[in-house]
Number of protein chains: 2
Amino acid sequence: MASTPGSKARGSRSKLRLIEAAYDLLGEEGYHAFSARRVAQKAGLKPQLVHYYFRSMEELLIAVFQRSSARYFRLHDEALSSRHPMRALWALNSNLPEGKRMTEYVALGKVYPGLREEMRHTGERFRSQQIEAMERIYTERGFDHTIVGPHGMVLLMSAVARNFVIEDEVGVSLGHDEVKQLIRQVLDRFDPLDADELAGADLASHGA
Amino acid sequence: MASTPGSKARGSRSKLRLIEAAYDLLGEEGYHAFSARRVAQKAGLKPQLVHYYFRSMEELLIAVFQRSSARYFRLHDEALSSRHPMRALWALNSNLPEGKRMTEYVALGKVYPGLREEMRHTGERFRSQQIEAMERIYTERGFDHTIVGPHGMVLLMSAVARNFVIEDEVGVSLGHDEVKQLIRQVLDRFDPLDADELAGADLASHGA
């Protein structure tokens with residue numbers, strides 16, 4: 001392709017369209033549908049363009065994963081800087097917009113080492129940020145570390161949220177109510193609402 | 001094929017070989033490799049035989065999942081009837097021999113509704129058995145249910161174990177040590193070793 005500014009802009013638009021098509025495809029149909037032909041078809045472009053813009057399907061997959069991470073990063077950042085970081089993080093992770101793609105990425109990470117490395121790196125980054133936020137909460141509110149410290153609290157909450165996402169996907173629900181109640185107790189203790197918020201939450205739950 | 005007793009036995013041997021080949025393939029290479037051609041190749045049989053024995057790839061997949069469940073059922077049963085059911089269950093689930101296949105099944109469950117139904121059914125069955133065992137432990141030892149009852153305990157432990165399996169797969173490890181220590185405390189409280197066992201465990205950990 002000629003490298004005039006116009007064709008360059010068109011080029012990066014096509015590349016973005018391919019990434020978006022692959023992202024949607026992975027969410028809707030899973031990695032079974034992840035082929036150059038299907039991605040191009042969904043983007044309304046020629047299959048050859050996939051190979052033009054991406055050296056391999058792994059490279060495209062990493063771009064798709066980065067799109068998921070960027071989206072999660074924005075929501076994650078909002079949650080951690082909100083007035084109730086623990087509640088916001090719990091709500092985000094248990095209703096993860098990227099949840100549908102999560103097990104796909106894990107499964108694909110076994111096939112593509114580059115994707116696995118990207119996931120490892122990104123996963124550790126998110127976890128460090130959560131631990132930092134949790135350490136701040138513990139310090140500000142004077143929580144003791146004896147039963148469970150900030151590292152453990154972050155891992156436990158993310159493990160439980162992830163488990164709900166996976167089990168909802170499969171349709172398993174036994175024991176969920178009891179754990180959701182336990183989580184509410186943990187949040188009430190570690191990230192309590194003030195009186196105004198409680199009144200608001202009450203109204204909201206009556207409305208629901 | 002003629003239905004003489006000899007050919008029938010040969011037939012079910014071939015069918016079993018296909019299931020075993022598919023099981024191994026899924027563990028080694030993930031669902032990317034899950035095609036009639038690859039399964040037959042690994043079993044050393046003709047691809048047409050896959051279609052002869054299984055009406056669809058989903059039917060083969062369900063047979064593979066049932067093989068995983070049967071294996072897990074045996075180990076699960078041993079764990080729950082052992083002297084230390086909570087410890088045994090924790091050890092089993094965090095070093096799950098079927099762990100490598102777990103995310104594959106979840107990802108594939110989105111593509112094949114019959115597999116998803118089988119997983120839901122099996123998952124709920126294992127969870128009920130664990131809850132039953134945990135209720136027995138709670139009753140025998142007089143544990144109170146206020147912080148976390150048997151349902152919640154089972155779900156929490158399985159969520160955390162599953163999370164370790166997934167994160168080990170990806171290579172994420174931040175916070176693991178703290179949670180492993182917490183789990184040890186929970187096990188020491190809820191499923192304590194007696195003096196003899198403690199001495200044995202001590203020797204074992206010195207040897208490790």
Exercise. What average number of partner chain Cβ atoms lie no more than 10 Å from the Cβ of the residues making up B:99-109?
Worked result: 5
Problem set entry | Gaussian network model of chain A, Cα within-10 Å springs - most flexible of A:Ser12, A:Ser94, A:Ser35 | A:Ser12
Exercise. Given the options A:Ala63, A:Ala195, A:Ala161, which has the most mean-square fluctuation in a GNM of chain A, springs set between C-alpha atoms less than 10 angstrom apart?
Worked result: A:Ala195
For this session: Over the whole of B:114-124, what's the average partner chain Cβ count within 10 Å per residue? Rounded to a whole number, please.
Result: 3
For this session: Calculate how large, on average over all directions, the projected area of the Cα convex hull of the stretch A:7-54 is; give the answer in nm² to one decimal.
Result: 2.9
Exercise. Using only helices, what value at 222 nm comes out for chain B when you add -39,500 (n - 2.57) per DSSP H run of length 4 or more and divide by the total residues, to the nearest 500 deg cm²/dmol?
Worked result: -26000 deg cm²/dmol
Problem set entry | the protein assembly as shown: Cα Rg divided by the 2.2 N^0.38 Å rule of thumb | 1.12
For this session: Please work out how many pairs of lysine residues in the protein assembly as shown are eight or more positions apart (or on different chains) and have Cα atoms closer than 14 angstrom.
Result: 6
Exercise. Roughly how big is the stretch A:7-54's charge dipole about its Cα centre, with Cβ charges of +1 (Lys, Arg) and -1 (Asp, Glu), in debye to the nearest 20?
Worked result: 380
Exercise. How many Å³ per residue does the convex hull of the Cα positions in the stretch A:1-91 occupy?
Worked result: 118
For this session: Tell me the label-point distance for the pair B:Asn95, A:Thr139, using the 7 Å Cα-to-Cβ offset, in nm and rounded to one decimal.
Result: 3.9
Exercise. Quick one: in the stretch A:100-166, what % of C-alpha pairs are over 19 Å apart?
Worked result: 46
Problem set entry | Computed E for A:Lys8/A:Glu132 - FRET, C-beta separation, R0 41 angstrom, nearest 0.05 | 0.55
Problem set entry | Per-residue Cβ neighbour rank within 10 angstrom, fewest leading, B:Lys180, A:Lys110 | B:Lys180, A:Lys110
Problem set entry | Exercise: per-residue mean of other protein chain Cβ atoms within 10 Å, A:30-37 | 3
Problem set entry | Most mobile listed residue (B:Leu96, B:Leu156, B:Leu174) in chain B, GNM with C-alpha springs under 10 Å | B:Leu174
Seminar exercise, completed: Mean separation of Cα contacts under 8 Å (at least 6 apart) over the residue count of the stretch A:1-118, i.e. the relative contact order in percent, is 23
Exercise. Which number comes out as Rg/Rh for the stretch B:65-207 once both Rg and the Kirkwood Rh are worked out on C-alpha atoms?
Worked result: 0.98
Exercise. Cα centroid distance between the stretch B:122-179 and the stretch A:1-55, in Å?
Worked result: 43
Exercise. Do you know the relative contact order of the stretch A:15-78, to the nearest whole percent, from alpha carbon pairs under 8 angstrom that are 6+ apart?
Worked result: 33
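Laboratory data are not the source of any read-out in this text; all were calculated from the coordinates shown. Please read all numbers here as calculations on a predicted model, not as lab measurements. Using ideal geometry, Cβ is built from the backbone for each residue, glycine included, and neighbour counts are taken over all protein chains shown.
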